[in-house]
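The values are calculated or read from the model by the stated rules, or taken from the named source; none is laboratory data. Since we're looking at a predicted model, the values are computed, not measured. Backbone-built Cβ (ideal geometry, glycine too); neighbour counts: all protein chains shown.
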Amino acid sequence: MAVSNSSTPLLEARNLTKLYGNVQALDAASFTVGPGITGLLGPNGAGKSTAIRIFLGLTDATSGSALVMGADTRDFEARTRLGYMPEHDCLPPNQSAANFLTHMAEVSGIPPSRSRALAADTLRHVGLFEERYRPIGGYSTGMKQRVKLAQALVHDPVLILLDEPTAGLDPTGRTEMLNLIRRIAREFGISVVLSTHLMQDVERTCDNIVLLDLGRVKESSDVKSLTEETELIYVEVANNRDRFAAELTDRNIEHASEGIAVSIPDVDGAKYDALRDALVASEARLVRMGPRQRALIDLFRSN
Amino acid sequence: MTTDQQPERTGTVFDIGYQSYAGEREGRRRAWKTMLWDSVKNGMGIGRGGWAKFLPWLVLSPTIATGLVFAAIGAFFEQIGFDVDETEGGLPVDLPGHLELTAVISFMILIFAAFVGPELVCPDRRNRVIHLYFVRPITMFDYLGARWCALFLLLLAASILPHITYWIGLLFGVGDSLGHAQDNWLDIPRFVGNGIVFAVFTTSLTIAISSMTDRRMIATLIVIGVIMISTFAELIVNLFELQESISELIALVNLIDINANVMPSIFFGTYNESNDLNMFLPIAWVALLTAGSIVATWSFYSRQR
């Protein structure tokens, strides 16, 4: 196995191409995943799951190469340091979470003398310590998601790949799961790849994103730079938006209407005065005014 | 002491937080051992509910009991003055031996395989746990190998335990234990060898059939169905009063007969006394069925992956 050091990407795709018959799931995709939380983002059919399956060694690429911590995806040592939480159900209903995690820790190469303690610790961290001896079949959806996450963590991996971890969760459960994912990266020091089509999840959680569309990498950057403030001023009003827009036109201020708001480019001191006057003249009630922050959804739109 | 006089609490609970694992990682070796031991435990219902234990033991207990009964019969005849050792002057009565014991227990072990085999491979696919195994340091070969070996060990134990019970039972039942052991030691490699062949064949067939469905009960019914159909097929063909050698050839489709009579008679050296066919034909047939089952299992799992 290649030695994983700070300069070795955790995951590296080089011209990764995957064909299923005539369907091209990945088209010469090249990207790297480093430490922290990386969102693998894209609409359905973008190639996210295929990329994950290749990195996990579950399927082979048609061409190109995939490296995990500098090693081949089938390298056993690399696989002892990798965790995977699938989107679909993957839990035995008749087993207790404690027994299931103990077994999974041992299958990951942890000696039996340590695996039970690791399983209990991991279940404590995901908030299932009290419930650990109950059969998994009796768990709620949220608890099952936590067990799925726990089995990915139980062998203390370097990197975990989470496939739609918030699927099927209510808003509270979703927030808790995202908080837990942040804790895993920040406190546990385990890097995370979060595959999702939910942009809000990525915005709330990830440090970096890799945006896939039709098997190609459309964007690969850190979330902060993609959602940085723009030169646009965003003015949201509660009423009289059209009158407000008309007043802006009368004052020769370039603008664009967006729902209940108006965005104005290149605002300087004089424009702010004119903007204030337009608001007063239109009798529109101001809700919010400030620099426009790009949202990741704009990336989808632009692509 | 009143509540006012209670000493001030000084204990503090510290959360030590997440602790990285710095211990040994045994990799693929540990994964394989775990899979094997877990399969053996699952097969026998160890660490599981009462019903999971009940079925395998319900089928397995009578096989061991049969060995005890055979030993008791031998010991009884010894006690009433008959010589049970063939080599010591011949038997006054035709007592059943290891060959007959194999014939009696074979069907029970096939039923045991029909219950235990699906238990080892079907739930993993039904619950989709199998995906979690293949992202860990094991290959499909390791996974199937561990499951196969577990069933093999259970079937081998089920095949030879009754024989061991019988052999040891007679050892204690007859007067001259040492003489009996010296005269009959050759039975041990015979029933062990036969048990190995039987376990290899039955394990491969059961795992192959169980690979076709993710429902345990359906797999069990298919295994039992295949055994029954093969038996009835032979019975029906025999109604046509065919030539002896052709009948023997057709008899090879009967899975019970292969396990209960054909292979044991080869191991115990009695095959040529009652058969026209060359004994290498049934051996090749069993080898072909075993290889075919293994190839079918592998190809099925390769497609699933």
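Here are the numbers for the structure shown:
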{"quantity": "All strands (runs of 3 or more DSSP E) inside the stretch A:173-253 with 1 or more residues being within 14 Å of chain B (Cβ to nearest Cβ)", "calculated": "A:191-196"}
{"quantity": "Among the candidates A:R243, A:R186, residue that is modelled with pLDDT of 85 or more and more than 29 Å from A:A152 (Cα to Cα)", "calculated": "A:R243"}
{"quantity": "Out of B:N194, B:N238, sole residue that is among the polar types (S, T, N, Q), touching a Phe, Trp or Tyr at 6+ places or on another chain (Cβ under 6 Å) and under 28 Å from B:D276 (Cβ atoms)", "calculated": "B:N194"}
{"quantity": "Residue in the stretch B:115-131 that is farthest from the other protein chains (Cβ to nearest Cβ), counting only those that are crowded, with 24+ Cβ neighbours inside 10 Å and of a type in the set (A, V, I, L, M, F, W, C)", "calculated": "B:V116"}
{"quantity": "Counted residues, the stretch A:47-81 - those being at the interface with another protein chain (Cβ under 7 Å from one of its Cβ atoms), within 17 Å of A:L149 (Cα to Cα) and touching a Phe, Trp or Tyr at 6+ places or on another chain (Cβ under 9 Å)", "calculated": "1"}
{"quantity": "The stretch A:50-69, residues that are within 18 Å of A:R79 (Cα to Cα) and among the hydroxyl-bearing types (S, T, Y)", "calculated": "A:T50, A:T59, A:S65"}
{"quantity": "Single residue of A:A185, A:A167 found to be small (G, A, S) and under 15 Å from A:C90 (Cβ atoms)", "calculated": "A:A167"}
{"quantity": "Failed item in (1) surrounded by fewer than 24 Cβ atoms within 10 Å (Cβ to Cβ); (2) under 25 Å from the mean Cα position of the chain (by Cα), with A:G39 passing the rest", "calculated": "(1)"}
{"quantity": "Residue list for the stretch A:208-221, restricted to those being surrounded by fewer than 18 Cβ atoms within 10 Å (Cβ to Cβ) and touching an Asp or Glu at 6+ places or on another chain (Cβ under 6 Å)", "calculated": "A:R216"}
{"quantity": "Per-region count, the stretch B:253-263, residues without any contact (Cβ under 8 Å) to a residue 40 or more places away in the chain and closer than 12 Å to B:N275 by Cα", "calculated": "1"}
{"quantity": "Only one of A:T80, A:T59 that is out of contact with any Pro (no Cβ under 7 Å at 6 or more places or on another chain) and in contact (Cβ under 8 Å) with a residue 24 or more places away in the chain", "calculated": "A:T59"}
{"quantity": "Qualifying helices (runs of 4 or more DSSP H) (wholly inside the stretch A:2-111; at least 3 residues being modelled with pLDDT of 95 or more and more than 23 Å from A:D222 (Cα to Cα))", "calculated": "A:97-107"}
{"quantity": "Cβ pairs under 8 Å, 6+ apart, first in the stretch B:20-36 and more than 7 Å from chain A (Cβ to nearest Cβ), second surrounded by fewer than 18 Cβ atoms within 10 Å (Cβ to Cβ)", "calculated": "B:W32/B:G145; B:L36/B:C149"}
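Residues checked against (1) surrounded by fewer than 22 Cβ atoms within 10 Å (Cβ to Cβ); (2) at positive phi; (3) over 25 Å from the mean Cα position of the chain (by Cα):
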site	(1), (2), (3)
A:T62	yes, no, yes
A:E87	yes, no, no
A:C90	yes, no, no
A:F100	no, no, yes
A:G127	yes, yes, no
A:G142	yes, no, no
A:Q145	no, no, no
